[in-house]
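Before any comments, here is the structure.
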Amino acid sequence: MHTHFTFRHMEPSDAVRAYAEERLQKIRRYFADPIKIDAVFTLEHKRFTAEFDIVLRNGIQLHASESTENMYSSIDLALAKLERQVRRYKSKLKEHRPRADESMRAKVAVLEEAVEPEAPVEEAAKPPAYRVVRTREMSVRSFTVDEAIMQMNLLDDQFIVFNNADTGEVCVVYRRDDGTYGLIETGARVVRDTSKP
């Protein structure tokens, strides 16, 4: 079991590290398999943020983050959130088995409206222009729809792109404002390079 601690905008603290390790034992008891844990502790604008990313042996990822005025409170709240997620999905987490056709990469971009200097009135009616402010690559894994919803909830994301294990199509599951979930079936299929051994 590997745990990696990162301290941002604050001095590394053995006391914080020991406290987090002790609290992580509650999460570890749910899993017999070795897991990888990344813990990031950040101080910004007098707020302490504790962020935990956990990868299980079967490839499922868990994420929780909390921010308060005290690092120990942030750790407690983030790990309590993780424990609730683990208890909720305990049987599904143990039953999930990774599939052989797991990996594909996709790029995700964050866009914002481009601010332009004052334009003449006739140009103001033009639709706004957008610019990319951040991109990241994400792994697109094979899941059933139920597993994709579980993974999205465990990561506390708004959407997840996945290869539907039942149909072979690239799909998107997303959280709707009314608390339900939406499913976009693209009809696109992942083309695998069969020339590689």
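Is it the case that some residue within the stretch 174-181 is at pLDDT 85 or above and in a helix (DSSP H, G or I)?
No, the stretch 174-181 contains no residue that is at pLDDT 85 or above and in a helix (DSSP H, G or I).
Is there any pair linking a residue in the stretch 72-87 that is in contact (Cβ under 8 Å) with a residue 60 or more places away in the chain to one that is part of a helix (DSSP H, G or I), with Cβ under 8 Å and at least six apart or on different chains, and which?
Hits for this filter: Gln85/Asn153; Gln85/Leu154.
Quick one: count up the residues across the stretch 128-157 that are in contact with a Cys (Cβ under 8 Å, 6 or more places away or on another chain) and under 15 Å from Ala106 (Cβ atoms).
Taking the stretch 128-157 as the starting set, the residues that turn out to be in contact with a Cys (Cβ under 8 Å, 6 or more places away or on another chain) are 145, 148.
Retained after the next criterion (residues that are under 15 Å from Ala106 (Cβ atoms)): 148.
Qualifying residue count, the stretch 128-157: 1.
Using the structure shown, decide if Phe31 is touching a strand residue (DSSP E or B) at 6+ places or on another chain (Cβ under 8 Å) and aromatic (Phe, Trp, Tyr).
no
Based on what the data block shows, is Asp166 free of Cβ contacts under 8 Å to residues at least 24 places away in the same chain and either crowded, with 16+ Cβ neighbours inside 10 Å or of a type outside the set (A, V, I, L, M, F, W, C) (or both)? Give the steps one after another, and end with the answer.
On the way: free of Cβ contacts under 8 Å to residues at least 24 places away in the same chain: yes; either crowded, with 16+ Cβ neighbours inside 10 Å or of a type outside the set (A, V, I, L, M, F, W, C) (or both): yes.
In short, yes.
Can you find a residue in the stretch 21-28 that is assigned by TED's automatic domain parsing to the domain that holds Tyr89, in a strand (DSSP E or B) and surrounded by fewer than 16 Cβ atoms within 10 Å (Cβ to Cβ)?
So the first thing to find is which residues in the stretch 21-28 are assigned by TED's automatic domain parsing to the domain that holds Tyr89, and the list is 21-28.
Pick out the ones that are also in a strand (DSSP E or B) and you get none.
There is no residue in the stretch 21-28 that is assigned by TED's automatic domain parsing to the domain that holds Tyr89, in a strand (DSSP E or B) and surrounded by fewer than 16 Cβ atoms within 10 Å (Cβ to Cβ).
Could you tell me whether Val55 is modelled with pLDDT under 90, in contact with a strand residue (DSSP E or B) (Cβ under 6 Å, 6 or more places away or on another chain), within 30 Å of Tyr130 (Cβ to Cβ) and of a type outside the set (Phe, Trp, Tyr)? Explain how you work it out, then say what you get.
Numbers: modelled with pLDDT under 90: yes; in contact with a strand residue (DSSP E or B) (Cβ under 6 Å, 6 or more places away or on another chain): yes; within 30 Å of Tyr130 (Cβ to Cβ): no; of a type outside the set (Phe, Trp, Tyr): yes.
For Val55, the condition - modelled with pLDDT under 90, in contact with a strand residue (DSSP E or B) (Cβ under 6 Å, 6 or more places away or on another chain), within 30 Å of Tyr130 (Cβ to Cβ) and of a type outside the set (Phe, Trp, Tyr) - is not met.
All but one of (1) modelled with pLDDT under 95; (2) over 15 Å from the mean Cα position of the chain (by Cα) hold for Ser73, so report the exception by its number.
(1)
The values are calculated or read from the model by the stated rules, or taken from the named source; none is laboratory data. In this text the structure is predicted, and so the values were computed from the model without any measurement. Because the Cβ atoms are built from the backbone with ideal geometry, glycine has one as well, and the counts that use them run over all protein chains shown.
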